[in-house]
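Following: one structure in structure tokens, then a few remarks.
The values are calculated or read from the model by the stated rules, or taken from the named source; none is laboratory data. These numbers were taken from a predicted model, which means no experiment stands behind them. Backbone-built Cβ (ideal geometry, glycine too); neighbour counts: all protein chains shown. Surface accessibility is based on the protein's heavy atoms, side chains included, excluding ligands, DNA and RNA. Shrake-Rupley method; radii C 1.70, N 1.55, O 1.52, S 1.80 Å.
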Amino acid sequence: MSAPVDRARALMARPGAWLEAADGGYALRLGPDRRSRVVLIVDEAAFAALVADPGLAVRPGGGWRRRLQPSASPDLAARPGRIEGQRTVMDAEGRATVRRANLGESPIAWLARRRDAQGRPFLSAMQAAAGERLRLEAETALAGPSLTMRWDALPRSGAGTSARVEPTDRALSAARRVQAALASVDPHLRAMLERICVRGSSLRLAEDGLGLRRREGKALLRDGLDALARHYRIG
């Protein structure tokens, strides 16, 4: 295997290492969040090699981390960065329901806590609920007993690759729901939703990856979440 892949594998073995889709490839960080420095950019071929060995798993908060071996910790609550609790989400009929969930902060949750200069929430409750529902559906599509990723799981929009695990009925059903939700949104809004809700990118990285100016992505995200809320019949 090439030296870049060997280096990426060695870095991914370090505690806290994770990957995130970025412009031109996948950014590898060693810190706990997006403020940490990018130490390596890997391309699609290297990312596919990491999926094969050692295997990648969806990371709470977005991106991917090295897959835990079964002997490391079978208890999901013991995984680094996982905060077990309950979250109120919208079910298929648009009703609020409380479910067990990982409370690690997602990009949508982070944005929902932000306020503008006038003290107004950056996202409405409906927008945040729609974005979180899409994120949770995507996590379900990407999660499964083997945590072995495939490449044809979720819709693609723009550069990069969408990945999922080997299919189970639950994962396949969730992938179809994600595809239907994204298909209900205009194409010029879909790419922003996919990057933030499905891939777990920050707003700034999504803007950079799509070649948008600062603050231009905010309007696209809000409009996309409004369309998503209509699809889910929220509000």
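Some points to look at:
- Enumeration of residues in segment 36-66 that are touching a residue at least 40 places away in the same chain (Cβ under 8 Å), under 18 Å from R195 (Cα atoms) and either in a loop (DSSP other than H, G, I, E, B) or open to solvent by 50 Å² or more (accessible area, probe 1.4 Å) (or both): E44, R59, P60, G61, G62, G63
- Qualifying residue in segment 192-199 (condition: of a type in the set (K, R) and open to solvent by 60 Å² or more (accessible area, probe 1.4 Å)): no
- Count of segment 17-35 residues which are outside any strand (DSSP E or B) and modelled with pLDDT under 90: 7
- Residue, surrounded by the fewest Cβ atoms within 10 Å (Cβ to Cβ), within segment 200-234, restricted to residues that are outside any helix (DSSP H, G or I) and of a type in the set (D, E, K, R): R213
- Test: residue in segment 96-103 that is open to solvent by 20 Å² or more (accessible area, probe 1.4 Å), modelled with pLDDT of 50 or more and under 21 Å from A227 (Cβ atoms): no
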